[in-house]
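Undergrad: This is the structure, below, for whatever I ask next.
Read-outs: derived from the displayed coordinates by stated rules, not from any lab. Since we're looking at a predicted model, the values are computed, not measured. Backbone-built Cβ (ideal geometry, glycine too); neighbour counts: all protein chains shown.
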Amino acid sequence: PKDAKIFKGVGSGVIEIALKYDKEAYRCIQAVQLGERIYILHAFQKKAKKGISTPKQDVDLIKQRYKEAKELESHEKTREH
């Protein structure tokens, strides 16, 4: 999508999709692909109108969920063999 960009500082393949609805801004953080799955790590409404980075608690949650998604994929791969 045209409103997608790399979400830095979390991991490879993680993108942020910016959405607008009814004059409000929303963000969806997605790990493009791990194995055969696509993981949505977090979605939230952006409170600031412009220029403010993602709050630390949201970044921490995204990092934790990315770590868990990678662990889940690793576990699934070992189960398949």
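Undergrad: Going by how many other beta carbons lie within 10 Å of each one, how would you line up V59, V32, V10, fewest first?
TA: V32, V59, V10
Undergrad: Right, next: Roughly speaking, what is the stretch gain from S74 to Q57, that is 0.36 nm per residue apart minus the C-alpha to C-alpha distance, in nm to one decimal?
TA: Taking 0.36 nm per residue and subtracting the Cα distance, the gain is 3.5 nm.
Undergrad: Here's another thing I want to ask about it. Show that you can apply the helix-only estimate: for the chain, add -39,500 (n - 2.57) for every DSSP H stretch of four or more residues, divide by all residues, and state [θ] at 222 nm to the nearest 500. If you can, show how the numbers build up before the last one.
TA: On the way: 1 runs with 25 residues, N = 81.
My calculation for the chain gives -11000 deg cm²/dmol from helical runs alone.
Undergrad: Another question about this same structure. Is there a quick way to get the dipole size of the chain? I mean about its Cα centre, with the Cβ of Lys and Arg at +1 and of Asp and Glu at -1; what is the value in debye to the nearest 20?
TA: 500
Undergrad: Could you give each residue of region 4-21 its phi-based ³J(HN,Hα) in whole Hz, using Karplus coefficients 6.51, -1.76, 1.60 with θ = phi - 60°, and x for Gly or Pro?
TA: Whole-Hz 3J(HN,Hα) from phi for region 4-21: 9, 8, 5, 9, 6, x, 10, x, 5, x, 8, 10, 10, 10, 8, 10, 10, 8.
Undergrad: Right, here's the next one. Which of R79, R27 has the fewest other C-beta atoms within 10 Å, and how do the rest follow up to the most?
TA: With the sparsest Cβ surroundings first, the list reads R79, R27.
Undergrad: Debye calculation, C-alpha points only, no solvent: report log10 I(q)/I(0) for region 4-80 at q = 0.11, 0.14, 0.20, 0.27 Å⁻¹, in the same order as the q values.
TA: Scattering profile of region 4-80, log10 relative to I(0): -0.31, -0.47, -0.85, -1.33.
Undergrad: If I fit a long axis through the Cα atoms of helix 56-80 and take the longest principal axis of the Cα atoms of the chain, what angle between them do I get, 0 to 90°, rounded to 10?
TA: Its long axis makes an angle of about 20 degrees.
Undergrad: If I build a Gaussian network model for the chain, linking alpha-carbon pairs within less than 10 angstrom, which residue out of K23, K46, K67 has the largest mean-square fluctuation?
TA: K23
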